[in-house]
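Working notes, beginning with the structure itself.
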Amino acid sequence: MTNPQSFKVAIVGAGPSGFYAAEELLNYGVQVDMYEKLPVPFGLVRYGVAPDHQKLKLVSKVFERTAQRDGFQFIGNTEIGANLPLSALQEHYDAVVLCHGASQGRKPGIPGDNLSGCYTAADFIGWYNGHPDFQHLAPDLSCRSVAIIGHGNVSIDVARILAKTPAELSTSDITDRALQALSHSRIEEIHLIGRRGPAQAKFTTQELRELGELYDADVVIDRGALEIDEVSRAELDDRKNLIAIKNFEIFTNFNNKTSRSCGRKIIFHFLESPVRVLGETIVEGLELGVNRLEGQPFHQTARAIGERRVLACEAVLFSIGYLGQGLYGIDFDGNSSTYPHNEGKVTTASNVYAAGWIKRGPTGIIGTNKPCAQETVATLLRDLEYAQKVPKAGHAAIIRMITQRATSYADWRCIDKQEIEEGERRGKPREKFTSVAEYLALLSENEVGGE
Ligand code: NAP
């Protein structure tokens, strides 16, 4: 049997699935080089998790411990496919694990969904979380009414950020620029629109409950919306359907609360699908189609009944899932937005594996990535055990091909320190840098070298 300690593995992507895969590989003594497009690590934890959910971000402490382990190296500001071909990693490592996630927000493909005032939740979240790729967005928040399409945790995150007061957000790590824009927001109505009913909403209970705890926002649900059909009732009668049962209770309690006349209202819509965004160049409204549910318990789908209504709104945020992009040269399934694989081994590329959203699709909480990455690593180690061992140079060979300023984990620690210090001055956990140029300028000022 080959000793795993002589293996070198490259991981592409420094988000949760990348770090869980790294931890697992390091446990077997494998050397791990983690390549990341951005100069900084942590992906979804830094740029996806809501800035007011600091407890969820604590998982990065676990990843920090992984990064300090012997045999681990971070190589940031290095995009595979742009700065380096994947084939270089395939050649110089025993295996490559693709953990680059699915970062593009889906749009429904309806007329008007590209009008000014339409955003994907993914872009909007990237904007307020300081992701360098989304700072150009500068969303216009001077409108009165916003529609958010989708009933998942991402839509709730966006609704909550739009509904919170500046004081509620001031202790989060939302960027200062986003906080300023949100402070001047004139939004009064936030419509959360789901194509199915309250028994099928995909929110987790804690996230839904939190909407009822906001300082200056009231939750509004039409009483009739909670009169569900028999099949949905059967779903809620199944005690295993715990999250939906709890969610339904919360919806009912929202409904029982007397209105507090808050400055903002979060208005739930059920059984409605977006059909067309109205307007010539900017959003002037949203045409919605009314649905009924069809199918067996837990398999009900939304069917249009042919009835339409118009919602007055000046911005539309699509929160209907994410799309991934395959790296050049590897078969990619555009429908599921994943690499075809067997237990993590990408079926059509030699010594390439996948973990996280790009392996199983854009679902699951951060912790879901741990067993997903462990399965991939188990497959990888099994394959390497039987492979003919040819010594690989790993990063020593790659470094000659890198022409841009790559970043190290020591660089990240320098950036992290600066962000935290700037945050302390402002009474928040950190103030993020929001452009690659800012990161590199800071590093060049501090002349931090490699690990
Ligand atoms: P999601 O949970 O899958 O929700 C997507 C929503 O979009 C669903 O309501 C879905 O309706 C709807 N939808 C899809 N296509 C549509 C269309 N063409 N027209 C209208 N509606 C459509 O996805 P997500 O909110 O993007 O979240 C992704 C994952 O990250 C989830 O697993 C989520 O739990 C997780 N997450 C967790 C947290 C947290 O733990 N705090 C925070 C954020 C995200 P149907 O149900 O009818 O398909």
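Data overview
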read-out	value
Translational D in µm²/s for segment 280-323 (Stokes-Einstein at 20 °C, 1.002 mPa s, Kirkwood Rh from C-alpha pairs)	166
Fully extended contour minus Cα-Cα distance, from R233 to N335, at 0.36 nm per residue	33.6 nm
Accessible surface, 1.4 Å probe, highest first, among residues F63, F332	F332, F63
Shape call, segment 165-306: gyration tensor on alpha carbons, a/c limit 1.5	oblate
Accessible-area ranking of R400, R186, largest first, probe 1.4 Å	R400, R186
Other-chain or far-sequence residues with amide H under 5 Å of V219's (modelled H)	I266
Rounded to the nearest 20 debye, dipole of segment 359-451 from Cβ charges on Lys, Arg, Asp, Glu	420
Tilt relative to the chain, helix 16-27 - C-alpha long axis, 0 to 90 degrees, to 10	30
Links that overshoot a 31 Å alpha carbon limit, given the list K240/K428; K61/K265; K61/K107; K61/K202; K202/K417	K240/K428; K61/K265; K61/K107; K202/K417
Accessible area (Å², per residue) of the chain, counting only protein heavy atoms and a probe of 1.4 Å	45
List S87, S273, ordered by accessible area with a 1.4 Å probe, largest first	S87, S273
Helix-only [θ]222 nm of the chain, DSSP H runs n ≥ 4, -39500 (n - 2.57) each, per residue, nearest 500	-9500 deg cm²/dmol
Gyration tensor verdict on segment 132-189 (Cα atoms; rounded if a/c is under 1.5, prolate if a/b is larger than b/c, oblate otherwise)	rounded
For segment 180-186, 3J(HN,Hα) per residue [Karplus equation, 6.51 cos²θ - 1.76 cosθ + 1.60, θ = phi - 60°, Hz, x = Gly/Pro]	4, 4, 5, 5, 9, 5, 10
Spin-label pair E307/T363, simplified geometry with 7 Å Cα→Cβ offset, distance in nm	3.0
Principal-axis tilt of helix 436-446 within the chain, Cα atoms, nearest 10 degrees	50
Dipole of the chain, positive end: most advanced residue of Q374, S261, I250 [Cβ charges, Cα centre]	I250
Extension gain from K246 to R400, taking 0.36 nm per residue of separation minus the Cα-Cα distance	49.8 nm
Helix 369-386 axis, angle to the chain major axis (alpha carbon atoms, nearest 10°)	30
Segment 1-72 - percent of accessible surface contributed by carbon and sulfur, probe 1.4 Å	51
Dipole magnitude (debye, nearest 20) for the chain, charges at Cβ of Lys, Arg, Asp, Glu	500
Per-residue HN-Hα couplings for segment 410-418 [Karplus 6.51, -1.76, 1.60; θ = phi - 60°; Hz; x = Gly/Pro]	5, 4, 4, 4, 5, 4, 4, 4, 4
Hz values of 3J(HN,Hα) by residue in segment 399-405 - Karplus curve (6.51, -1.76, 1.60), Gly and Pro given as x	4, 5, 8, 8, 10, 7, 6
Residues whose placed amide H lies under 5 Å from that of G356, excluding near-sequence neighbours	A373
Cut-off under 5 Å, modelled amide H: who pairs with Y322 long-range	R106
Label-point separation, E284 to E188 (7 Å along Cα→Cβ), nm	2.1
Calculated over the chain: convex hull of Cα atoms, volume per residue (Å³)	152
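The values are calculated or read from the model by the stated rules, or taken from the named source; none is laboratory data. Just so it is clear, the structure is predicted and the values come from calculations on it, not from any experiment. As a convention, Cβ positions derive from the backbone with ideal geometry for all residues, glycine included, and neighbour counts pool all protein chains shown. When the accessible area is computed, the model is the full protein with side chains, heavy atoms only, and any ligands, DNA or RNA have been set aside. Shrake-Rupley method; radii C 1.70, N 1.55, O 1.52, S 1.80 Å.
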